[in-house]
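The values are calculated or read from the model by the stated rules, or taken from the named source; none is laboratory data. Values in this document were obtained by computation on a predicted structure and should not be read as measured data. Here the Cβ is made from the backbone with ideal geometry for all residues, glycine too, and neighbour counts use every protein chain on show. The accessibility values were calculated without ligands, DNA or RNA, using every heavy atom of the protein model including side chains. Shrake-Rupley method; radii C 1.70, N 1.55, O 1.52, S 1.80 Å.
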Amino acid sequence: MARASNLGFARLGLQREWKKASEAYWLNKSDALRAELREELEGVARELVERHLRLQLEAGIELVPVNDFAYYDHVLETAYLLGAVPPRFERAGESEIDTVFAMARGRQDAPAMEMTKWFDTNYHYIVPELSGETRFSLRSERPFQALALAQRLGIQAARPVLLGPVSFLLLSKSVEQGFDHFSLLPPLLEVYAQVLERFAGLGADWVQLDEPYLLHDLEPAQAQLFAQAYARLQASSARPKLLIATYFGGIAHNLELALSLGEGLHLDLVRSPEQLDAILDADDGARVLSLGLVDGRNIWRNDLDASLSVARHAARRLGGSERLWLSPSCSLLHAPIDLDAEQKLDPELRAWLAFGKQKLREVTALTTALQQGEEATWTASVREAFAASRDARVSRGSSPRVHDPAVRARVESIDAGMRARPESFAERSKAQRERLALPLLPTTTIGSFPQTKELRRLRSELKKGKLSEEAYEQAIREEIASAIRAQEELGLDVLVHGEFERNDMVEYFGERLSGYAFTQNGWVQSYGSRAVKPPIIFGDVSRPVELSVSWARYAQSCSERPVKGMLTGPVTMLQWSFVRDDQPREKTCEQLALAIRDEVVELEAAAISVIQIDEPAFREGLPLRQGDWADYLRWAVASFRLASSGVRAQTQIHSHMCYSEFNSIFDAIAALDADVLSIEASRSRMELLDAFEDFAYPNDIGPGVYDIHSPRIPSVEEMEELLVAALRHVPVERLWVNPDCGLKTRGWEEVRSALSNMVEAARRVRSTQAQGSNPE
């Protein structure tokens with residue numbers, strides 16, 4: 001019989017319990033309290049894991065994943081498990097939790113490890129560092145403790161989850177020049193074999209090895225890594241069966257290789273439904289197929305009839321359903337936990353949605369329907385689930401709130417002239433220099449300043465009706481004026497208003513656009529304790545009211561220096577929302593671009609001379625297979641240009657991107673034609689700029705010199721060194737000085753110190769350049 005399965009579950013907790021517990025622990029400065037607080041933190045983790053295991057059991061999931069919880073992120077903790085801890089983080093007698101947090105967040109004497117995006121999601125992972133000195137060894141007992149907990153709860157088919165060995169290597173980086181870290185595969189496999197043997201000894205029948213890198217266009221050497229790895233792991237007789245989990249796309253192009261790796265294979269049939277028949281054609285009669293039929297990354301209710309049709313097709317081809325598992329497409333890490341907590345959502349819209357808990361029930365309904373045969377033999381609960389799915393499909397397709405003829409007509413009227421500024425960059429640059437009168441190496445920040453408890457209290461009281469709109473706006477104006485004064489005192493050249501009125505860079509704008517809806521508890525983990533609450537794009541998007549103009553106008557009135565207008569770009573608004581799936585994403589992005597274009601034009605009319613349109617998700621949206629890049633980059637670039645091209649030459653357009661690998665798409669980033677681009681670069685020590693050896697970026701650029709995701713304050717000398725490194729790639733007249741990202745997660749004390757150091761570093765390098773010295 002088919003079995004109901006899951007690949008992983010959320011970690012934060014419905015009320016973000018993990019965020020609150022971990023951040024309280026980080027704030028502790030007392031060694032005397034550390035052991036007590038660590039015990040409390042571990043207790044919160046155990047409670048969350050147990051709660052989510054029970055939730056999956058109650059939803060009817062038979063094959064329950066374990067070891068999917070992480071204190072920070074699963075890639076980082078795989079590195080710790082395997083003993084791949086960089087020497088700068090080794091401290092005698094330190095706890096596992098403290099070492100993991102230090103690797104992710106850094107210490108004053110030990111910079112944090114690099115962070116980047118997990119494939120094409122908004123989840124971030126810490127990049128493991130490997131060198132010739134790396135010695136793998138089994139360092140943690142947590143995976144085995146997770147299995148034991150599930151067994152104590154009576155879960156008979158608990159399935160441990162691990163990041164697979166080859167994806168771990170391919171997601172890692174060598175920190176030793178000339179060292180091939182792939183040469184570490186043999187000793188790495190010995191530790192994996194040890195882990196598998198431990199799981200077998202504890203009674204695990206299956207282990208899930210996540211190998212999402214199989215979706216890529218593998219080079220021959222990379223394919224050989226997979227073959228070598230699984231030949232070694234399968235050679236061990238004392239091991240569980242292996243489910244190779246792939247997701248976020250299809251693996252038909254690596255089919256023969258994928259089918260050689262284990263006793264089971266998971267397929268993401270939401271992102272790549274076309275891959276199923278190729279795998280069924282190659283079936284050898286022995287392998288379990290796990291079909292990812294319920295979307296693990298979006299929040300729309302499943303079309304159960306369509307999914308059941310796919311499951312029945314697979315069962316017929318396999319000669320029965322005994323080797324079929326039904327599952328979400330990927331881990332439910334990427335979905336909010338429970339729709340039942342959203343009682344304030346419009347009832348019609350709510351009926352269209354499914355969060356993590358509801359997705360598990362959809363999996364169970366599909367599995368039970370497949371087991372029970374034709375509809376006439378279904379039990380009442382299965383009939384109810386399918387009826388609700390059908391009602392939602394009809395309601396959503398006919399609802400007038402989804403479609404706006406005026407928006408659609410405007411999209412159809414877009415022409416090429418709306419997607420390009422008429423002046424060249426050289427012409428615009430000259431006009432902007434004359435207007436702004438900035439020094440060499442101008443300093444700025446990315447946009448946000450610390451979001452204090454007082455700011456959160458103000459927003460909470462406004463939402464609860466305890467504070468009037470007028471009192472709230474006055475308080476925000478005072479925060480803006482204070483931030484402007486602070487920036488002037490620090491000596492920054494281009495200022496920002498601090499974004500104190502914004503709860504989130506996407507949610508804030510979405511609340512002022514039509515076609516959006518919002519949740520109360522729809523939290524999703526972005527990295528570590530960082531949680532986001534993605535808005536829902538359910539219908540056509542337009543801008544009925546201004547988004548930020550009044551705040552920008554007020555901020556500019558507080559200073560003679562230029563103050564940037566701050567906006568979120570159309571691609572990021574798309575990527576960081578739960579997006580409607582009833583039309584191409586390109587069309588939704590065009591609607592967003594038109595709305596933002598209207599705001600850009602109004603900002604210019606309000607005498608805002610510098611406008612930043614952030615696109616941190618630009619690289620994130622890139623398809624995993626290179627053959628699919630061109631189409632995505634075509635419409636993503638076109639959408640940004642549509643949003644940004646309605647202004648005059650003397651208005652300077654900035655954009656910002658962070659924590660992504662840009663080297664392979666710098667030509668597309670250049671095609672955005674932003675006057676100034678700021679990018680994350682400090683954790684990688686300006687490695688990103690190595691791409692400029694082969695690609696001459698044509699416009700101004702500000703590679704970050706201050707890692708804002710760490711509490712560590714970089715010294716003047718450290719930032720000066722990074723600027724000198726940048727000058728090897730970027731002409732001084734086109735180099736800007738800025739942090740990696742916004743500063744909302746940091747405290748004012750560290751922000752002031754770090755920015756003061758940044759301004760001084762810029763002053764020193766500027767002085768050196770004025771004297772004509774060689775930056776080397």
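Farthest toward the dipole's positive end in the chain, which of ALA380, TYR527, ILE484, given Cβ charges of +1 (Lys, Arg) and -1 (Asp, Glu) about the Cα centre?
So the residue we want is ALA380.
Taking the DSSP beta bridges in the chain as the whole, what percent of them are antiparallel, to the nearest 5?
20 percent
What is the list of residues in segment 584-605 whose amide nitrogen lies under 16 Å from a point 7 angstrom out from the Cα of HIS403, following Cα to Cβ?
Under 16 Å, as judged by backbone N against the label point of HIS403, lie 584, 588 of segment 584-605.
Tell me, in nm to one decimal, what length is gained between GLU454 and GLU36 on full extension, where the rule is 0.36 nm per residue of separation less the Cα-Cα distance?
Full extension of this stretch gives 147.7 nm more.
Longer than 18 Å from Cα to Cα, which of LYS564/LYS744; LYS117/LYS564; LYS344/LYS464; LYS117/LYS744; LYS344/LYS453 are they? Say none if no pair is. Could you put the intermediate results ahead of the total?
Numbers: LYS564/LYS744 16 Å; LYS117/LYS564 27 Å; LYS344/LYS464 14 Å; LYS117/LYS744 20 Å; LYS344/LYS453 25 Å.
Those over the limit are LYS117/LYS564; LYS117/LYS744; LYS344/LYS453.
Only four residue types carry charge here, +1 at the Cβ of Lys and Arg and -1 at the Cβ of Asp and Glu. Report the dipole size of segment 3-135 about the Cα centre in Debye, rounded to the nearest 20.
240 debye
Angle check, please: helix 185-201 long axis (alpha carbons) against the longest principal axis of the chain (alpha carbons), in degrees 0 to 90, nearest 10.
In the chain, helix 185-201 runs at an angle near 50 degrees to the longest axis.
Spin-label point model (7 Å from Cα, Cβ direction): what's the GLU58 to ASP109 distance in nm?
Here the modelled spin labels are 4.8 nm apart.
Hey, what angle do you get for helix 31-58 against the long axis of the chain, alpha-carbon based, 0 to 90 degrees rounded to 10?
50 degrees
So how much slack lies between SER767 and VAL545, counting 0.36 nm per residue of separation and subtracting their Cα-Cα distance, in nm?
Full extension from SER767 to VAL545 adds 75.3 nm.
Using θ = phi - 60° and the Karplus curve 6.51 cos²θ - 1.76 cosθ + 1.60, what whole-Hz ³J(HN,Hα) does each residue of segment 498-504 get, with Gly and Pro shown as x?
The phi angles translate into x, 6, 5, 7, 9, 6, 6 Hz.
Relative contact order, percent, of segment 582-708 when contacts are C-alpha pairs under 8 Å separated by at least 6 residues? Don't jump to the answer; show the numbers that get you there.
Working: 156 pairs, mean separation 31.7, N = 127.
Reported relative contact order: 25 percent.
Trypsin sites (Lys or Arg not before Pro) within segment 317-398: which are DSSP loop residues with at most 13 other Cβ atoms inside 10 Å?
LYS344
Which one of ILE665, LEU339, GLN371 is farthest out on the positive end of the charge dipole of the chain, using unit charges on Cβ (Lys, Arg +1; Asp, Glu -1) and the Cα centre as origin?
LEU339
Computed from these coordinates, which is Rg and Dmax of the Cα atoms in Å: [x] 27.9, 98; [y] 26.3, 86; [z] 30.1, 98?
Read-out from the structure maps to [y].
In segment 101-161, carbon and sulfur make up what percent of the accessible area (probe 1.4 Å)?
Whole-percent figure for carbon plus sulfur exposure: 43.
Calculate, for the chain, the solvent-accessible area per residue in square angstrom, rolling a 1.4 angstrom probe over the heavy atoms of the protein chains.
Here the per-residue accessible area is 37 Å².
Mind ranking 492-504, 147-159 by how tightly packed they are, going by the mean number of other C-beta atoms within 10 angstrom, highest first?
Result, highest mean Cβ count within 10 Å first: 492-504, 147-159.
Report, by chain and number, residues whose modeled amide H sits under 5 Å from the one on ALA245, excluding near sequence neighbours (fewer than 5 apart, same chain).
Amide H to amide H, under 5 Å and 5 or more residues apart or across chains, ALA245 pairs with LEU209, ASP210, GLU211, HIS266.
Which order do you get for ARG142, ARG271 if you rank them by accessible area with a 1.4 Å probe, largest at the top?
I get ARG271, ARG142, largest accessible area first.
Please give the calculated 222 nm ellipticity per residue for the chain, where each DSSP H segment of at least 4 residues contributes -39500 (n - 2.57) and the sum is spread over every residue; nearest 500 deg cm²/dmol?
-13000 deg cm²/dmol
What is the calculated FRET efficiency for GLU473 to GLN650, with r their C-beta to C-beta distance and R₀ = 35 Å, to the nearest 0.05?
Approximately 0.70, to the nearest 0.05.
How far apart, in nanometres, would the label points at LYS344 and ASN28 be if each is projected 7 angstrom from Cα along the Cα-to-Cβ direction?
Placing both labels 7 Å along Cα→Cβ, they lie 3.4 nm apart.
Please compute the contact order of the chain in relative form: average sequence separation of alpha-carbon pairs under 8 Å and at least six residues apart, divided by the residue count, as a percent.
It rounds to 13 percent for the chain.
Between PHE695 and ALA607, 0.36 nm times their residue separation minus their Cα-Cα distance comes to what?
28.2 nm
ALA617's amide H: which non-local residues (gap 5+, or another chain) put their own amide H closer than 5 Å, with H modeled 1.01 Å from N in plane and none for Pro or chain starts?
Residues meeting the criterion, in which the H sits 1.01 Å from N, are THR572.
Order of 439-447, 555-563 by packing, highest average Cβ count within 10 Å first?
Details: 439-447: 22.2, 555-563: 17.9.
Going from most to least packed, we get 439-447, 555-563.
Evaluate E = 1/(1 + (r/R0)^6) for SER95 and GLN194, where r is the Cβ-Cβ distance and R0 equals 25 Å; express this FRET efficiency to the nearest 0.05.
It comes to 0.65.
Would you mind telling me the share, in percent, of accessible area of segment 272-363 contributed by carbon and sulfur at probe 1.4 angstrom?
On the way: 1460 of 3140 Å².
Carbon and sulfur atoms account for 47 percent of the accessible area of segment 272-363.
Measure off, as a whole percent, the carbon and sulfur share of the 1.4 Å-probe accessible area of segment 688-728, all protein chains present.
The C+S portion of the solvent-accessible surface of segment 688-728 is 46 percent.
Specify the angular offset, from 0 to 90 degrees and rounded to the nearest 10, of the alpha carbon long axis of helix 748-770 from the longest principal axis of the alpha carbons in the chain.
Roughly 60 degrees between the two axes.
Positive end of the dipole of the chain, charges at C-beta (+1 Lys, Arg; -1 Asp, Glu), about the Cα centre: which of LEU603, GLN234, SER174 has its Cα farthest in that direction?
Going by the Cα projections, it comes out as LEU603.
When a/c is below 1.5 the answer is rounded, else prolate if a/b is larger than b/c, else oblate, so apply that to segment 318-453 with a ≥ b ≥ c taken from the square roots of the Cα gyration tensor eigenvalues.
Cα axes put segment 318-453 in the prolate bin.
Which value, in debye to the nearest 20, gives the size of the charge dipole of the chain about its Cα centre, when Lys and Arg are +1 and Asp and Glu are -1 at the Cβ?
Roughly 1300 debye, rounded to the nearest 20.
What is the magnitude of the charge dipole of segment 276-429 about its Cα centre, with +1 placed on the Cβ of each Lys and Arg, -1 on the Cβ of each Asp and Glu, and no other charges, expressed in debye to the nearest 20?
220 debye
What FRET efficiency comes out for GLU687 versus ARG561 if R0 is 25 angstrom and r is the Cβ-Cβ distance? Round to the nearest 0.05. Don't jump to the answer; show the numbers that get you there.
Details: r = 32 Å, r/R0 = 1.29.
About 0.20, to the nearest 0.05.
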